[in-house]
Each structure stands twice: as C-alpha cells, then as structure tokens.
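See structure below.
The values are calculated or read from the model by the stated rules, or taken from the named source; none is laboratory data. Everything quoted here is computed from the prediction, not taken from an experiment. With ideal geometry, Cβ positions are generated from the backbone for all residues, glycine too; neighbour counts draw on all protein chains shown.
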Amino acid sequence: MRKIILTILMTLILSNASIAHANRDLPTKTKATRENILEDAVIDLLDTQMTQAAEKYYGAENSKGVRFDCRRVLSIKKLDHPGSMMFEATLEGMSYFGPHNPPSHIFTVTIRKDYHTNGWVMKSFKVRKLKPHEAHECRDPA
C-alpha cells in the first residue's frame, strides 16, 4: 500500500513539474503578435531556399555545416492581382559554421512563387562579407 501511494505521489509531482516547465515563457525579446508569428512562419517555410543560396555560394560540399541566424523578412509583395496566390519575398540572414564560430556573411535572398514556377523558387541572392565587430540588427523569433 505504501508503494502505491508513493508511486501516485511521485507521478503527480513529476507531472506538475513538467507542465510548469512547458508553460514557462522562453527568453525572447520579440512579442508573439500576429505579425511576428506570420514572419516566423514565412522564414520557416522558405528556409530551404536560404540553404540553396548557401549551397550555390559555398559549394555543395562546403555548405554542409552552414546555419543561419538573425533571419528576417525584408519585404513580401503580392504579384499579379489581388486574390492571387503569387508572391515575391526577400529574406536576410547571417551565415555561420559551427556553434562557436562568429557569423561570416549576410545573405539576401529573393524568392518567388508565380505562374512560371512550381512552388517557391529562389530567384536571386546577394552575399556580403560581414566585417569584424560589425553590428547587425537581429530579431528573435516570437
């Protein structure tokens, strides 16, 4: 009987601790507004095209460890007519290799979805080397 009560008590304590841990606020400066959540969704949706830009710039073999930080949507516009599902978006992100290395380049990628494409396709990208100790505006995910 004592083991059963102890098991039930431990289960309750552990389940309350995990629920409290899951409900805590994560450390971010960006408020979870509708606009910020939609921007996060666009960044996540178009992450593949950001990676394609890195592969083209660094080469397929050299780009395996590249990651992006400080990603943000610079612009997004509707193409053709109101009500169409055709868009062009421009995203920006800092690339880095490995968890302890500083960022190396800033990628600006233009991605398009229209009549001539099958889904989202990278239209163009620009890369600029990040200067040492250069301040760059970062936006935390919401």
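Of the residues ASP140, ASP114, ASP69, which is surrounded by 10 or more Cβ atoms within 10 Å (Cβ to Cβ), at pLDDT below 95 and within 17 Å of THR48 (Cα to Cα)?
Working: ASP140 fails: within 17 Å of THR48 (Cα to Cα); ASP114 fails: within 17 Å of THR48 (Cα to Cα).
Step by step, each of ASP140, ASP114, ASP69 is checked, and only ASP69 is surrounded by 10 or more Cβ atoms within 10 Å (Cβ to Cβ), at pLDDT below 95 and within 17 Å of THR48 (Cα to Cα).
Go through (1) at pLDDT below 85; (2) part of a loop (DSSP other than H, G, I, E, B); (3) of a type in the set (Ser, Thr, Tyr) for SER84 and report which single condition fails.
(1)
Can you list residue pairs whose Cβ atoms sit under 7 Å apart, with the first residue in segment 18-47 being farther than 28 Å from MET86 by Cα and of a type in the set (D, E, K, R) and the second being at pLDDT 80 or above and surrounded by 10 or more Cβ atoms within 10 Å (Cβ to Cβ)? Count only pairs 6 or more apart in sequence or on different chains.
LYS29/ASP140; LYS31/ALA142
In segment 59-89, what count of residues is obtained for those that are touching a Lys or Arg at 6+ places or on another chain (Cβ under 9 Å) and at negative phi?
Taking segment 59-89 and keeping what is touching a Lys or Arg at 6+ places or on another chain (Cβ under 9 Å), we get 63, 70-72, 79, 84-89.
Imposing the further condition that a residue be at negative phi reduces the set to 63, 71-72, 79, 84-89.
Within segment 59-89, residues that are touching a Lys or Arg at 6+ places or on another chain (Cβ under 9 Å) and at negative phi number 10.
Among the residues of segment 37-68, which ones are among the aliphatic types (A, V, I, L, M) and assigned to a loop (DSSP other than H, G, I, E, B)? Walk me through how you get there before you give the answer.
Taking segment 37-68 and keeping what is among the aliphatic types (A, V, I, L, M), we get 37-38, 41-43, 45-46, 50, 53-54, 60, 66.
Within segment 37-68, LEU46, ALA60 qualify.
Of all residues in segment 94-111 being of a type outside the set (A, V, I, L, M) and modelled with pLDDT of 95 or more, which is nearest to LEU46 (Cα to Cα)?
From segment 94-111, those of a type outside the set (A, V, I, L, M) are 95-105, 107-108, 110; that's our starting set.
Filter again for modelled with pLDDT of 95 or more, leaving 107-108, 110.
Details: PHE107: 13, THR108: 13, THR110: 10 Å.
My answer is THR110.
For the subset of segment 96-107 comprising residues that are buried (at least 16 other Cβ atoms within 10 Å of the Cβ) and over 17 Å from HIS133 (Cβ atoms), which member is farthest from the chain's Cα centre (by Cα)? Please lay out each step first, then the result.
We begin by selecting, within segment 96-107, every residue buried (at least 16 other Cβ atoms within 10 Å of the Cβ); these are 96-97, 103, 105-107.
Those still in the list that are over 17 Å from HIS133 (Cβ atoms) too: 97, 107.
Working: PHE97: 16, PHE107: 13 Å.
Among those that are buried (at least 16 other Cβ atoms within 10 Å of the Cβ) and over 17 Å from HIS133 (Cβ atoms), it is PHE97.
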